[in-house]
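Notes for the one structure printed next.
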Amino acid sequence: MIPPVPLLPTAAPWLDLAGLAVFATSGALAAAQRKQTLVTLSFFALITGVGGGTVRDLLIGAPVFWVRDGKVAALCLIVAMLIWMTPRRWWSGAALDWFDAVGLAAYAAYGAAKALKYGVPPVPAAVMGVVSACVGGIIRDMLAGEPSILMRPELYVTAAALASASFVTLTALGLDATTAGLIAATAGFALRAAAIRWKLALPAYR
């Protein structure tokens, strides 16, 4: 077992907010595409934005982040309002995929870092990174009646796993948390970007 990481990366607040804003956007858009009300958009934005982080914090014994920080819920509500007020043509599916790739990688690295900070062993810490990045989207898809991201052949969860596992491995090798976070998030984004560009997928069971 590696010792707990004493500090989160200095870029952690930005990694956290980047992932949160992107996932809140995807939640609000899921409701907007179904012509729902502003209240529903706000709920989807909030539950998608904080879902993964909430499960992570409950599992690692940390205070639930958005309950203690009023800026988080406010950011989700602002995102929902922006989606509500802007034309749908501004939010193409391709653009959202790329923003989502950034959020996925950032949140996976941040989730792993926070788990290590709370003394979680390396392998569960990497899993917590995946939970942080993916659970919000799973909840969003369930509420919207869409096929879950877990059931899509294109690499998605694997990219989150790469980012979180890379962070855990790099810190175990003695790299400082900030550098490890940036490298890990970049690796996760690169894999997700390649999956979007070339439709990469893992082999399916036969």
task: Skip the ligands, DNA and RNA, and give the accessible area per residue of the chain with a 1.4 Å probe, whole Å².
output: 50
message: Straight-line reach only, C-alpha to C-alpha below 17 angstrom: list the aspartates and glutamates that residue 114 could link to, leaving out same-chain residues fewer than 8 apart.
response: 16, 57, 69, 176
- request: Note down the Stokes-Einstein diffusion coefficient of segment 15-71 in µm²/s, whole number, using a Kirkwood radius over alpha carbon pairs, 10 °C, and 1.306 mPa s.
  value: 135
- prompt: With contacts defined as alpha carbon pairs under 8 Å and 6 or more residues apart, what's the relative contact order of the chain in percent?
  reply: 27
field: Two-site label geometry, residue 206 and residue 37: point separation in nm, points 7 Å out along Cα→Cβ
entry: 5.2
- prompt: In 10 Å bins starting at 0, how do the alpha-carbon pair distances of segment 107-163 split up by percent?
  reply: 26, 46, 24, 4
task: Report the charge-dipole magnitude of segment 64-187 in Debye, nearest 20, computed about the Cα centre from +1 at each Lys and Arg Cβ and -1 at each Asp and Glu Cβ.
output: 260
message: Quick check: at a probe of 1.4 Å, how many percent of the accessible area of segment 27-73 sits on carbon and sulfur atoms?
response: 67
task: Can you quote the Å³ per residue value for the convex hull of the Cα atoms in segment 43-198, rounded to an integer?
output: 116
query: Going through the DSSP H helices of the chain, which span 27 Å or more along their own axis at the Cα atoms while scoring at least 0.5 as a mean Kyte-Doolittle hydropathy?
result: 12-32, 38-60, 93-117, 122-144, 177-198
field: segment 49-134, relative contact order in percent, only Cα pairs under 8 angstrom and at least six apart counted
entry: 39
message: Can you return the aspartates and glutamates within cross-link range of residue 199? Criterion is Cα-Cα under 13 Å, with same-chain partners fewer than 8 residues away left out.
response: 97, 154
task: Please sort 100-109, 37-46, 149-158 by packing, taking for each peptide the average over its residues of neighbouring beta carbons within 10 angstrom, highest first.
output: 100-109, 37-46, 149-158
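The values are calculated or read from the model by the stated rules, or taken from the named source; none is laboratory data. Here the structure is a predicted model, which means the values were calculated and not measured. No Cβ is skipped: glycine too gets one built from the backbone with ideal geometry, and neighbour counts run over all protein chains shown. Please note that ligands, DNA and RNA were not included when accessible areas were found on the heavy atoms of the full protein model with its side chains. Shrake-Rupley method; radii C 1.70, N 1.55, O 1.52, S 1.80 Å.
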